[in-house]
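Peer 1: What follows is a single structure, and I will ask about it in a moment.
Coordinate-derived values only; no laboratory data. Just so it is clear, the model here is predicted, and its values are computed rather than measured. Quick reminder, even Gly has a Cβ in these numbers, built from the backbone with ideal geometry, and neighbours come from all protein chains shown.
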Amino acid sequence: MKPDFAISSVLAPMAEITDMPFRSMVRKFSNSLMISEMISAAGIWQKNQKTLRMLKLTATEQPIGIQIFGHDAEIMAAAAKQAEEEGAALIDINMGCPVRKIVNDGNGSALMQNVSLAGKIVSAVSSAVKIPVSVKFRSGWNADSINAIEFAKAMEDSGASLLAVHGRTRAQFYSGFADWQLIAKVKEAVSIPLIGNGDIRSPKEAVARMQESGVDGIMVGRAVLGHPWLMGQIEAACSGNPIPETPSLAEQKQLQLEHLRLMLDYYQAPKGIYLFRKHICWYVSGMRDAAKFRQEINTIEDIDILTRTISDFYAKAGEDEGI
Ligand SMILES: Cc1cc2nc3c(=O)[nH]c(=O)nc-3n(C[C@H](O)[C@H](O)[C@H](O)COP(=O)(O)O)c2cc1C
């Protein structure tokens, strides 16, 4: 089934990051498709309460794709159906995760080594739901087994309506560079839309990669960490629109505090505070005295003190910039 939403820019799925609070922050700036954190199909099947909560979506987040991982076609199909019932606009199947505990169970990028099982999963999931099904995968398992082109064709033949490829092998994890020449070759080989992924850090790079490779869309992950507004800037660039301005320091502070409040509402204290610490680090990365600030916030457990400390840091940064 063809997607009925734009796919020229997509927020990448990121475990323990693209949760509801983070997606809400990105949605303030962008209408792009966003993909959830990877969610265990087995956890959905077993009705694990924590897993089921990850499936809950809010209307304002749409369009949103739910990413599931697993290796049992029947369980994946059942999980996809449930995600569809929860309001997902797309089911994305994780065939790219390189993490040892995931691949050791035959999930994620391990499926790139078992193309026939990967095809069965895509076929079962596509038959189970009415919404589009995408597959996210890598260049291959390692440098000696780059099979993204054959893999993409097999997934298309199995019923996928959309593909996303990260131009690194499993063995690379996140080292080296994404191979955009390979991504361009994958694009040539399939007739369904292809989204390219890897190392996009700016609107300019997004447009350049899109033009060079001919992909239908760009997926961005790490660059959006601490910069939720970047997704809107990349979306504008990919659609040929003027690029919105980066929020001022004062606005960035407000955004960070809003993100903190969303985390507290969603996860409650103290978990919300612990989970928010990494986001604070990303928000302030590159700013003067960020390292000292990071150390300081990592010991704070009180919401009011944390809020004040963040505000003070930005006030100081504003003074330094003469604002
Ligand atoms: C912290 C982190 C978590 C990730 N979690 C997932 C995930 O749950 N599912 C997935 O398919 N990819 C996951 N990825 C990979 C990203 O979706 C993306 O493919 C990768 O970061 C390359 O894109 P980038 O260079 O724009 O970051 C994760 C990446 C990072 C850094």
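Peer 1: If the chain between Lys316 and Lys50 were fully stretched, how many nm would it gain, using 0.36 nm times the residue separation less the Cα-Cα distance?
Peer 2: Gain on extension, Lys316 to Lys50, equals 91.8 nm.
Peer 1: Mind listing which trypsin sites (Lys or Arg not before Pro) in the range 256-323 are in a DSSP loop and have 15 or fewer other Cβ atoms within 10 Å?
Peer 2: Loop-located and lightly packed - Arg288.
Peer 1: If contacts are Cα pairs under 8 angstrom and at least 6 residues apart, what is the relative contact order of the range 249-320 in percent?
Peer 2: 36
Peer 1: Given points 7 Å out from each Cα along the Cα-Cβ axis, report the Ser175 to Glu16 separation in nanometres with one decimal.
Peer 2: 2.2
Peer 1: How far, in nm, would the chain grow between Lys271 and Asn142 when pulled straight, counting 0.36 nm per residue and subtracting the alpha carbon separation?
Peer 2: Roughly 42.7 nm would be gained on extension.
Peer 1: Efficiency by 1/(1 + (r/R0)^6): what FRET value for Ser202 and Glu74, r their Cβ-Cβ distance, R0 = 30 Å, to the nearest 0.05?
Peer 2: Using R0 = 30 Å, I get an efficiency of 0.10.
Peer 1: For the range 249-320, what are the per-bin percents of Cα-Cα distances with bins 10 Å wide, up to the bin holding the maximum?
Peer 2: It works out to 21, 60, 19, 1, in whole percents.
Peer 1: Oh, and also: Could you list the residues of the range 71-90 with an amide nitrogen less than 16 Å from a label point located 7 Å from the Cα of Asn114 in the Cα-to-C-beta direction?
Peer 2: 71-77
Peer 1: Over the range 1-62, what is the relative contact order in whole percent, taking alpha-carbon pairs under 8 Å and six or more residues apart?
Peer 2: Rounded, it is 36 percent for the range 1-62.
Peer 1: Run lengths n ≥ 4 of DSSP H only: what is the helix-derived mean residue ellipticity at 222 nm for the chain, with -39500 (n - 2.57) per run over all residues, to the nearest 500?
Peer 2: Helix-only estimate at 222 nm: -14000 deg cm²/dmol.
Peer 1: Moving to a separate point now. Explain nothing, just the number: dipole magnitude of the chain about its Cα centre with +1 on each Lys and Arg Cβ and -1 on each Asp and Glu Cβ, in debye rounded to the nearest 20.
Peer 2: Roughly 420 debye, rounded to the nearest 20.
Peer 1: Dipole magnitude of the range 67-192 about its Cα centre, charges +1 at Lys/Arg Cβ and -1 at Asp/Glu Cβ only, in debye to the nearest 20?
Peer 2: Dipole of the range 67-192, to the nearest 20 debye: 300 debye.
Peer 1: Taking N as the number of residues in the chain, what is its Cα Rg relative to 2.2 N^0.38 Å?
Peer 2: The value comes to 1.00.
Peer 1: Restricting to the chain, compute how many DSSP beta bridges are antiparallel as a %, nearest 5.
Peer 2: Just about 5 percent of them are antiparallel.
Peer 1: Sticking with this structure for a sec: Using the per-residue mean of other Cβ atoms lying within 10 Å as a proxy for protection, in what order, highest first, do the peptides 132-139, 13-20, 66-73, 243-250 fall?
Peer 2: So the peptides 132-139, 13-20, 66-73, 243-250, ranked by packing, come out 132-139, 66-73, 13-20, 243-250.
Peer 1: Put a dot 7 Å past each Cα toward the Cβ at Lys81 and Glu150; how far apart are the dots in nm?
Peer 2: Between Glu150 and Lys81, the label points sit 3.3 nm apart.
Peer 1: Something else now. Can you compute the FRET efficiency between Asp4 and Ser191 using 1/(1 + (r/R0)^6), with r the Cβ-Cβ distance and R0 = 25 Å? Round to the nearest 0.05.
Peer 2: 0.85
Peer 1: On C-alpha positions alone, give me the angle between the axis of helix 73-85 and the longest principal axis of the chain, in degrees, nearest 10.
Peer 2: 50
Peer 1: Past 27 Å, Cα to Cα: identify those pairs from Lys50/Lys278; Lys56/Lys271; Lys81/Lys278; Lys47/Lys136, in the order given.
Peer 2: Too far apart for the 27 Å limit: Lys81/Lys278.
Peer 1: How high is the relative contact order of the range 9-238, in percent, counting Cα pairs under 8 Å that sit 6 or more residues apart?
Peer 2: Reported relative contact order: 18 percent.
Peer 1: Based on the Cβ-Cβ distance from Asp157 to Asp289, what FRET efficiency comes out when R0 is 51 Å, to the nearest 0.05?
Peer 2: With R0 = 51 Å, the Cβ-Cβ based efficiency is 0.40.
Peer 1: Also, I was wondering about something else. List the aspartates and glutamates whose Cα lies under 14 Å from the Cα of Lys185, skipping any in the same chain that are fewer than 8 positions away.
Peer 2: Straight-distance partners of Lys185: Glu150, Glu212, Asp216.
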